[in-house]
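The values are calculated or read from the model by the stated rules, or taken from the named source; none is laboratory data. All values reported here derive from a predicted model rather than from experimental measurement. Backbone-built Cβ (ideal geometry, glycine too); neighbour counts: all protein chains shown. Please note that ligands, DNA and RNA were not included when accessible areas were found on the heavy atoms of the full protein model with its side chains. Shrake-Rupley method; radii C 1.70, N 1.55, O 1.52, S 1.80 Å.
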Amino acid sequence: MGNFVAGKVVAVTGAGRGIGRAVALAAAAEGAKVVVNDYGVGIEGGEPTSEIADGVVKEILAAGGEAVAVADDISTMAGGQRVVDTALARYGRIDGVVCVAGILRERMLFNMSEEEWDPVVATHLKGTFTVFRAASAVMRKQGSGTLIGFTSGNHQGSVAQANYSAAKGGIISLVRSAALGLNRYGVTANAVAPVARTRMSANVPMELKEIGEPEDVAALVTYLLSDRAVAVDGEKITGQVYTVAGPKIAVWAQPRELRAGYAEGPWTPEKIADFLPGTVGTDPMPLLAQLAAMAKAAAAKDRPNA
């Protein structure tokens, strides 16, 4: 057992399998008391079961750690609250929450139904909000705490996962909002965009050149949960989005205005047509070029790299 997050109480959603399980095990191995949340359904849905969360708790206990299971649906306000309430009831505080829980409903946008949109956004985005909401109220009073949301490189856009992509983009904005609103209370918020071998990544229709294991992601999360998550200027790390893909860790840029132009007098569509392309222009979309490469490779019956 290590002590990187010794004495901290950490709740992890989606902790029954994959990255969530790796995070729960890693945090426990480094001294944290862990609330293991998993509703117990597969990535495509199905009947929930508490056995998934219970199994991870047994692993932690067998290794000498401390943990408790909560098999609640965090897409509901009551479910998110129970995750935090369980930490308070069992351990008296909550120092970190890591929201990993997620599902998929893959479909092209023009074919996507409400039944395919709502559960994905509810699990990923609302499920992050419900736990953040409950935890931040406690952390604000404590004067400390860490919120970690899970996003994806798909926040840039996705061909057949508009629901998932929209939710993951929303999580980034939620994390940045939390970082801004809670900084004065000593609470940090960051997002992690993992690239790791999981049930979800197995469905990616291309070879990923940069990919690691859930344990790589868990190491970064454990660091962000710790008191050593401090930037070179001595300030706590907050409002950041990190990718971890095997040996690679990258930070995403903050949103910023790229280029601007100003007109004399009021805008008209004709004036914009003459002005915008050459003065303000566009920001090229790399994924469009990647799609073209994928289509070319598919025509050649090859499997493209990304």
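General observations
- Projecting the Cα atoms of Ile172, Tyr223, Tyr262 onto the dipole axis of the chain, where Lys and Arg carry +1 and Asp and Glu carry -1 at the beta carbon, places Tyr223 farthest toward the positive end.
- When segment 1-124 is reduced to its Cα atoms, the Kirkwood hydrodynamic radius in Å: 14.7
- Computed FRET value (nearest 0.05) for Glu116 with Leu288, which takes r as the C-beta separation and R₀ as 35 Å: 0.90
- Take the chain with all the other protein chains still there, run a 1.4 Å probe, and you get 51 Å² of accessible area per residue.
- Dipole of the chain, positive end: most advanced residue of Ala89, Phe110, Thr151 [Cβ charges, Cα centre]: Ala89
- Efficiency of FRET between Ala160 and Glu264 - r from beta-carbon atoms, R0 51 angstrom, step 0.05: 0.70
- DSSP H segments from the chain that extend 18 Å or more along their own axis, Cα-based, with Kyte-Doolittle mean of 0.0 or above: 77-91, 127-142, 162-182, 286-299
- Debye intensity ratio I(q)/I(0), log10, the chain, q values 0.10, 0.11, 0.13 Å⁻¹ (C-alpha model): -0.58, -0.69, -0.92
- Reducing segment 86-110 and segment 121-148 to their Cα centroids gives an inter-centroid distance of 9 Å.
- The sum of -39500 (n - 2.57) across all DSSP H runs of n ≥ 4, divided by the residue count of the chain, sets its helix-only mean residue ellipticity at 222 nm to -12500 deg cm²/dmol.
- Approximate spin-label separation Arg107-Arg256, in nm, with each point projected 7 Å along Cα-to-Cβ: 4.0
- Among the chymotrypsin sites (Phe, Trp or Tyr not before Pro) in segment 230-269, those placed in a DSSP loop whose Cβ has at most 11 other Cβ atoms within 10 Å are Tyr262, Trp267.
- Extension reserve of the Gln142-Glu66 stretch, reckoned as 0.36 nm per residue once the Cα distance is removed: 25.2 nm
- Cross-link pairs exceeding 26 Å in C-alpha to C-alpha distance, out of Lys33/Lys141; Lys58/Lys168; Lys8/Lys141; Lys8/Lys58; Lys168/Lys296; Lys141/Lys236, comprise Lys58/Lys168; Lys168/Lys296.
- Share, in percent, of DSSP beta bridges within the chain that are antiparallel, nearest 5: 15
- Diffusion constant of segment 91-155 at 4 °C, which comes from Stokes-Einstein with the Kirkwood Cα-pair radius and 1.567 mPa s, µm²/s: 96
- Highest-first arrangement of 139-147, 215-223, 117-125, where packing means the average Cβ count within 10 Å: 215-223, 117-125, 139-147
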